[in-house]
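Here the structure is laid out as structure tokens; the discussion comes afterwards.
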Amino acid sequence: MTPRPTPDPTIGDRIRDRRLRRGWSMRFAASRAGVSHATWSRIERGLQAADNRFVLADLAAALECSPAELAGTAVPAGDRDAVAAHAAVHAVRQALVDLDLSVAGSFEAPPLTELARTVALLDTLRQACDYAGASRLIPALLRGLHASASEKPALRLLCDVTFIASSVLRNLGHPADAWLGAERCRDAAAATEDPVLRGYAAYARTSAANACGSYDRGYALAEQAVDDLRPHAALPGAAEMIGSLQLNCAYASRGAKRLDDSRAWAAEAAALARRTGETSTLGLYFGPTNVDIWRIGIEIDGDDPGRAAQIARDTDPAALPIGFRQVFYYTDTARALARLRNRDREAIRFLIVAERVAPQHVHTSSMVQETARALLDRSRRMAGGTELRALCERLKIG
């Protein structure tokens, strides 16, 4: 089976287009990004996968744009649910723009018990990476909870819905909209006067900032939130929230090229996780397994695929029976294996498993598309890879 050619631009195409529009030579652009001319050339020509978030952020900064503009919004493959998820983004964005807690909501509020049941369903869909199902529920939930916002329980539910909206938008490739969702989460958390929920909102803002490539901002938000939450460490959920924020500090530090700081934060989170054990607090699933999944992503984006693969080898993703964390284990491990010599077959196997675990996530991930494209190019040269070609067919990679 031969993959169909696609007219969609690759990340390399977008990088070249932006560079040429500025009239810059490749060597000049590479110097601005702090990468070698050879690396820029390989990425631009599609000879090196642009599936490293930190490198992509450096290239975007050099070209004076956002990483999301270079990555693009991944075109959903033959997956109707993924298409539906992207189609719902505008409605989610509009509902977030309309959400202003300083004025009363204009919609009639359903009973709070009904809203709570729908929020529980939304969280189930989020954990399964069912972005289409989640996106269909979010706008009405935001409006209903806005109308009930005078009640503390409604505000707590609103924290959850805005947090999930931010997460879904970020994973669909809309980090600026994710920031809007995180800001609305901050507003709701502030109204509850709950320190743990304020940390929860800070986590959402940090994640959105990191997705925009604003690592210094992400780090500052997470570090401040850790400091603010420490005096309340005895509260239920506070330790798990502190650990989750420490992981964001580790990721943002690595993005800002502070390797020692990054590993120190990760070690601190790991030590805390050994005390808390596996948890499900606030749907973040902080614990030893999730710490290791974060470490895999940090090391592969930090360009240490060997270390990432080693951590993956010692990690059992089944300890977290939820798709939205397992899929990162499989996709990030696949990215690591794809950069190691003679590990392509394993990388392909991990991508196939990731697709089974969370098809919508895989089908709408620019990082997965870049890894699959690089593997496909090598597979063609070696005349192999039936499973990979089938995956690329589903991803519409030609």
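Couple of notes before you dig in:
- Considering only alpha-carbon pairs that sit under 8 angstrom and 6 or more positions apart, the relative contact order computed for segment 127-257 is 19 percent.
- Rolled with a 1.4 Å probe across the full set of protein chains, the surface gives Cys212 an accessible area near 40 Å².
- Accessible surface of segment 190-324, 1.4 Å probe, proportion on carbon and sulfur as whole %: 50
- The GNM of the chain, with springs linking C-alpha atoms under 10 angstrom apart, assigns the highest mean-square fluctuation among Pro153, Pro305, Pro111 to Pro111.
- When Ser379, Ser214 are compared by accessible surface with a 1.4 Å probe, the order from highest to lowest is Ser214, Ser379.
- The relative contact order of the chain, computed from alpha carbon pairs under 8 Å that lie at least 6 residues apart in sequence, is 18 percent.
- Rounded if a/c under 1.5, otherwise prolate or oblate - segment 76-232, Cα gyration tensor axes: oblate
- Neighbours of Ser135, meaning other residues whose beta-carbon lies under 11 angstrom from its beta-carbon, give a summed charge of +1 when Lys and Arg score +1 and Asp and Glu score -1.
- Put the Cα centre of segment 32-47 next to the Cα centre of segment 70-97 and the gap is 30 Å.
- Taking every protein chain into account, the accessible area of the chain amounts to 42 square angstrom per residue (probe 1.4 Å).
- Largest GNM mean-square fluctuation across Asp292, Asp316, Asp160, computed for the chain with C-alpha springs under 10 Å, falls on Asp316.
- Look at the alpha carbon pairs under 8 Å that are at least 6 residues apart: their mean separation over the length of segment 140-204 gives a relative contact order of 32 percent.
- Split the accessible area of segment 1-139 by element, probe 1.4 Å, and carbon with sulfur accounts for 54%.
- Most mobile listed residue (Gly283, Gly323, Gly243) in the chain, GNM with C-alpha springs under 10 Å: Gly283
The values are calculated or read from the model by the stated rules, or taken from the named source; none is laboratory data. Computed from a predicted model, the values in this text were never measured in an experiment. We place every Cβ from the backbone using ideal geometry, glycine too, and count neighbours over all the protein chains shown. Ligands, DNA and RNA are excluded from the accessible area calculation, which covers all protein heavy atoms including side chains. Shrake-Rupley method; radii C 1.70, N 1.55, O 1.52, S 1.80 Å.
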